[in-house]
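J.: Handing you this structure, nothing more for now.
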Amino acid sequence: MSQPPQADIIAALSSSSSSRTRPPTQPYSSFSDPVTSLVNHTSTPTNVRAIHCPRSECASTILSPGAAIWVTFSEPVLPDDSAAPFPQPRLVQIQQLTSKEKSDSSEKGEKIVEKTQYGFWKVSSPYDFDNIGYSRPDTSEKAQARGGPGGEGKVKWLICAECDLGPLGWSFEGGKEAWVSADRVRYRGEIK
């Protein structure tokens, strides 16, 4: 039995990958209130929609619904490059219920405080991802300074495992936890 020519094999592989059905996804910027639209508002605020690669031609599934926990940070963490295909980081309004004590009595009251934060998806283990890639540890001082909360050590940037677009988030060398920037990924159009 003879083998097919290499050109035929490459053409077959190319056609099957480009004809793959991609789910309809939406960018973070399309949600007027992303916290309400993307976060499960129970005791553990998880993602209610599947999270996908931001490149619409790729749309690889990065996280399934319920795989990540919503967290916020007061400062942007990922490198910002005007030539990158990512939107400017978008701040979200967070309403927090806080306790306050009245100074003239022991009576306690509660008030809602609004603050502006950057949204991220915290992932507890690399095995919680459907599809993600990690860079080699970034040894630059700039990367360590911008590595953000959640760990120590050299930063490993998260990228799409299918098309290598990134950074989409970060992790730390030797650590299990990872953080995906909410505004650098796309979301499945309907709630799953």
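Each reported figure results from applying straightforward, stated rules to the coordinates on display, with no laboratory input. Predicted, not measured: the structure shown is a model, and the values here were computed from it. So basically every Cβ, Gly included, is an ideal-geometry build from the backbone, and we count neighbours across all protein chains shown.
J.: Ranking TYR134, TYR28, TYR187 by Cβ neighbours within 10 Å, fewest first, what do you get?
T.: Working: TYR134 17, TYR28 22, TYR187 25.
In increasing order of surrounding Cβ atoms, one gets TYR134, TYR28, TYR187.
J.: Residues with amide H under 5 Å of VAL39's amide H, sequence separation 5 or more or different chain, H placed in the peptide plane at 1.01 Å from N; which?
T.: Under 5 Å from the amide H of VAL39 lie the amide H atoms of VAL48, each far enough along the sequence or on another chain.
J.: Rounded to the nearest 0.05, what FRET efficiency do THR36 and SER140 have when you use their Cβ-Cβ distance and R0 = 30 Å?
T.: On the way: r = 37 Å, r/R0 = 1.25.
Efficiency at R0 = 30 Å is approximately 0.20.
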